[in-house]
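Quick notes on the structure that follows.
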Amino acid sequence: QVQLVESGGGLVQAGDSMRLSCAASGRTFGSGAMGWFRRAPGKEREFVGTISWSGVTYYADSVQAEGRFTISRDNAKNTVYLQLNRLKPEDTGVYYCAATLRTIATMAIQYDYWGQGTQVTVSS
């Protein structure tokens, strides 16, 4: 069994930055990817980005276009990070990390394990 625990969420003002962390414990992933998703109020969960074991990243088109979010990982610490810069009120939502045994994955159905989520609230 794998446990994922997100941290770093909270209330910030528009324009601020925030770093979310996701620590993994339990069975190791081997060379699996880790991803970030978010669920905005009243909306479906959506893909934010993912990072492979080797550090290759893919982002949702909207995220890629704005260039405000960055995913990184520290394999020695079994931790993945999501850096959120120049936050906007529309970034508000619950952010989830997920882990998969796949090399890379961009869809929620491809992920095997999920964290409980961390709330990010951006005030205007």
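The values are calculated or read from the model by the stated rules, or taken from the named source; none is laboratory data. For clarity, every value in this text was computed on a predicted model and none was experimentally measured. Counting neighbours? That spans all protein chains shown, and the Cβs are built from the backbone with ideal geometry, glycine included. Please note that ligands, DNA and RNA were not included when accessible areas were found on the heavy atoms of the full protein model with its side chains. Shrake-Rupley method; radii C 1.70, N 1.55, O 1.52, S 1.80 Å.
General remarks:
- Whole-Hz Karplus values for the range 32-44 come out as x, 8, 10, x, 10, 10, 9, 10, 6, x, x, 10, 6 Hz, taken residue by residue from phi with 6.51 cos²θ - 1.76 cosθ + 1.60 and θ = phi - 60°; glycine and proline positions read x.
- Cβ charges +1 (Lys, Arg) and -1 (Asp, Glu), total dipole of the chain, debye: 180 debye
- The chain - percent of accessible surface contributed by carbon and sulfur, probe 1.4 Å: 49 percent
- Helix content alone sets the calculated 222 nm mean residue ellipticity of the chain: runs of n ≥ 4 DSSP H residues at -39500 (n - 2.57) each, divided across all residues, give -1000 deg cm²/dmol.
- Remark on ARG102: its backbone amide H falls under 5 Å from those of ALA33, a criterion applied only to residues 5 or more positions apart or on other chains, H modelled at 1.01 Å from N.
- Residue separation of LYS88 and ARG19 scaled by 0.36 nm, minus their Cα-Cα distance, works out to 23.4 nm of gained length.
- Fully extended contour minus Cα-Cα distance, from TRP53 to GLU66, at 0.36 nm per residue: 2.3 nm
- Normalised by the number of residues in the range 12-124, the mean separation of alpha-carbon contacts (under 8 Å, six or more apart) gives a relative contact order of 36 percent.
- Solvent-accessible heavy-atom area per residue, rounded to whole Å², over the chain at 1.4 Å: 51 Å²
- Remark: spin-label model distance SER123-ALA40 equals 2.1 nm, labels positioned 7 Å along the Cα→Cβ axis.
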